[in-house]
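Visitor: Take a look at this one; I'll ask things after.
What follows draws every value from the coordinates through simple rules; no lab data is involved. Just so it is clear, the model here is predicted, and its values are computed rather than measured. Here Cβ is always computed from backbone atoms with ideal geometry, including for glycine, and neighbour counts include all displayed protein chains.
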């Protein structure tokens, strides 16, 4: 049970033993132990006593007020890579974390230019594309499948294949790209 796991996590974070939490909360050590193991559901009264003993809210112990990390990336702080050969620009809109996860990118391809061929990602990696300006030709795989994605259209594909993007228009092509590297089971 999530409540019990959260009680145990908060207790350990404060380096409290079960006996110390029992003394602070006026809830027996054996009851606290059963709650932490998920064997007992506490009454609201007991949950309130435990929360007071840990100096947190009941909502925090229930997981209802998970503190979310907030990262603001100003437009002038984006990581931008510009290909000198093609003029293509890649702007990272999400935080640059070293772990696998999500990348949110704005790609800008100059008129009638292309990205070149990207190698296949690992199995399970997915890409989501949304074109906001222009027209984008997407070429997927060894025996290529071709898709034309117009302004306002979106495309999703498993990115464990080679892929290439071509701007078909005489204006810049802007598209948002999300790369999801969470490995699927």
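Visitor: Could you put 28, 135 in order, starting from the residue whose Cβ has the fewest other Cβ atoms within 10 Å?
Guide: Ranked by crowding around the Cβ, least crowded first: 28, 135.
Visitor: Over all distinct Cα pairs, what is the inverse of the mean 1/r for the range 50-179, reported as the Kirkwood hydrodynamic radius in Å?
Guide: Across the range 50-179, the inverse of the average 1/r is 16.9 Å.
Visitor: Taking 8 Å as the Cα distance limit and 6 or more residues as the minimum spacing, I'd like the relative contact order of the chain as a percentage.
Guide: Result for the chain is 19 percent.
Visitor: Got the relative contact order for the range 2-62 handy, in percent, Cα pairs under 8 Å and 6 or more residues apart?
Guide: Over the range 2-62, the number comes to 43 percent.
Visitor: Could I ask something else about it? Once every DSSP H run of n ≥ 4 in the chain is given -39500 (n - 2.57) and the sum is divided by its residues, what mean residue ellipticity at 222 nm do you get, rounded to the nearest 500 deg cm²/dmol?
Guide: -6500 deg cm²/dmol
Visitor: Mind sorting 155, 21 by how few other Cβ atoms lie within 10 Å of their own Cβ, fewest first?
Guide: Going from least to most buried by this count: 155, 21.
Visitor: Using 0.36 nm per residue, how much length does the chain from residue 156 to residue 28 gain when fully extended, once their Cα-Cα distance is taken away?
Guide: 40.7 nm
Visitor: Which order do 30, 75, 25 fall in if you start with the one that has the fewest other Cβ atoms within 10 Å?
Guide: 75, 30, 25
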